[in-house]
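*Asks:* Handing you a structure now.
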Amino acid sequence: MSSVPVFRGRDVEAAVSPSRAVDAVRDAFVAHARGEWQMPSKVYVTNYPAGDFRAMPALGSGHALLKWVTSFPGNPARGLPTVTGVVLLSDASTGELRAVLDAATVTALRTGAAAVLAAETLGRSDASAAAVVGAGVNGRAAARTFAARGRDVLLWDVDPARAAAVAEELGARVASSPDEVLAADLLVTVTPGHEVLLTEGTLRPGQHVSLMGADGPGKAEATDRELLRCRLFADDWEQASHGGELAHAVDAGLVSEGDVTQLGAVLAGSAEGRRSDEEITAFDSTGLAIQDLAVALAAVERADDLELAHLEL
């Protein structure tokens, strides 16, 4: 019989700080870009309009991971979380299960890390103002990560009370209007993706936006015409072209693979990032299993420091 540590949500947060998550996710992007980490595209099992299930595998650093995670946008009205699931971390040489982690917290940490990492990598060198649209679990994570990196954060949410609560928790400020938050140098959007937020002409020269909400088929936070004003980046072309922010523009024949640079290639030094202070950069995030693997490994590093529950197998 083996004893497997179980990381509840609070354990994952205690083990992995936002800045540690940024460093881990950066290393994962580079390892994947260099072919050192493997990641098949995620698989969707849909039950629309209720929600979907996602299976996300990855292999790297002597470990294999599978995340089984859900997205059910109507759950908060039922008093249930939108995202639930588990992350299973195994030894890649023996197949033995090494840890079980709460998927929602791992997802939030790596989502915030990816959003801010892209903003820091692709934003102007003199960018100052940082803003987040959406103050749900993943929006809070993005704002928390910006704050951990020493930036003042502006928040906006359709629910003013939710935005105020997150702002008070993080020492952020609630924007006076949507226009104020959308004008930030470094913008992160974390909406459900059911309504377009960025119409043509919304973004100004020199801005960066990390588009985090459109992580599945049929979702969009920006119009095609607004995307065409931007220099385009993605976490993974295959996922982004089929189920990310870029998917609708790809389907319309407006964007092809040659128009999109993968963030990992920029971080690995094999592709160019921002080319001028006037360029508008947009990062399409679909969420990658390598990011989950990076955060899971960072959490397991701290296992001996925490009082964890254990699963007896």
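Here, each number is a calculation from the coordinates, and none is a lab measurement. The structure displayed is predicted, hence computed values, not measured ones. All Cβ positions, glycine included, derive from the backbone under ideal geometry; neighbour counts span all protein chains shown.
*Asks:* Return the calculated 222 nm mean residue ellipticity for the chain, to the nearest 500 deg cm²/dmol, obtained by summing -39500 (n - 2.57) across DSSP H runs with n ≥ 4 and dividing by the residue count.
*Replies:* Value at 222 nm, helices only: -9500 deg cm²/dmol.
*Asks:* Related question: Do you know the relative contact order of the stretch 113-287, to the nearest whole percent, from alpha carbon pairs under 8 angstrom that are 6+ apart?
*Replies:* Relative contact order for the stretch 113-287 comes out at 24 percent.
*Asks:* Here is a further query. Provide the percentage of antiparallel DSSP beta bridges, counting only those with both residues in the chain; round to the nearest 5.
*Replies:* 55 percent
*Asks:* Among 130-139, 182-191, 151-160, how do they line up by average Cβ neighbours within 10 Å per residue, starting with the highest?
*Replies:* 130-139, 182-191, 151-160
*Asks:* Turning to a different aspect of this structure: Within 10 Å of each residue's Cβ, count the other Cβ atoms and sort 11, 224 from fewest upward.
*Replies:* Least to most surrounded, the residues fall as 224, 11.
*Asks:* Further question on the same structure: Suppose we take every Cα in the chain and form the convex hull; what volume per residue is that in Å³?
*Replies:* Once divided by residue count, the hull of the chain is 129 Å³.
*Asks:* How far apart, in nm, are the 7 Å Cα→Cβ label points at residue 268 and residue 34?
*Replies:* 0.9 nm
*Asks:* Which three lengths, in whole Å and largest first, does the stretch 1-87 cover when its Cα atoms are put on their principal axes?
*Replies:* 41, 36, 29
*Asks:* By the gyration tensor of its Cα atoms, with a ≥ b ≥ c the square roots of the eigenvalues, what is the shape of the stretch 113-287: rounded for a/c under 1.5, prolate for a/b over b/c, or oblate?
*Replies:* Since a/c reaches 1.5 and a/b is larger than b/c, the shape of the stretch 113-287 is classed as prolate.
*Asks:* Now for a different question. Where does the Debye-calculated log10 I(q)/I(0) of the stretch 220-301 sit at q = 0.12, 0.13, 0.17 Å⁻¹, using only Cα point scatterers of equal weight, no solvent?
*Replies:* Values, matching the q order: -0.38, -0.44, -0.70.
*Asks:* If you place +1 on the Cβ of every Lys and Arg and -1 on the Cβ of every Asp and Glu, how big does the dipole about the Cα centre of the chain come out, in debye to the nearest 20?
*Replies:* Dipole of the chain, to the nearest 20 debye: 260 debye.
*Asks:* Summing Lys, Arg as +1 and Asp, Glu as -1, what charge do residues with Cβ under 11 Å from the Cβ of residue 288 carry, residue 288 excluded?
*Replies:* It works out to a net charge of -2.
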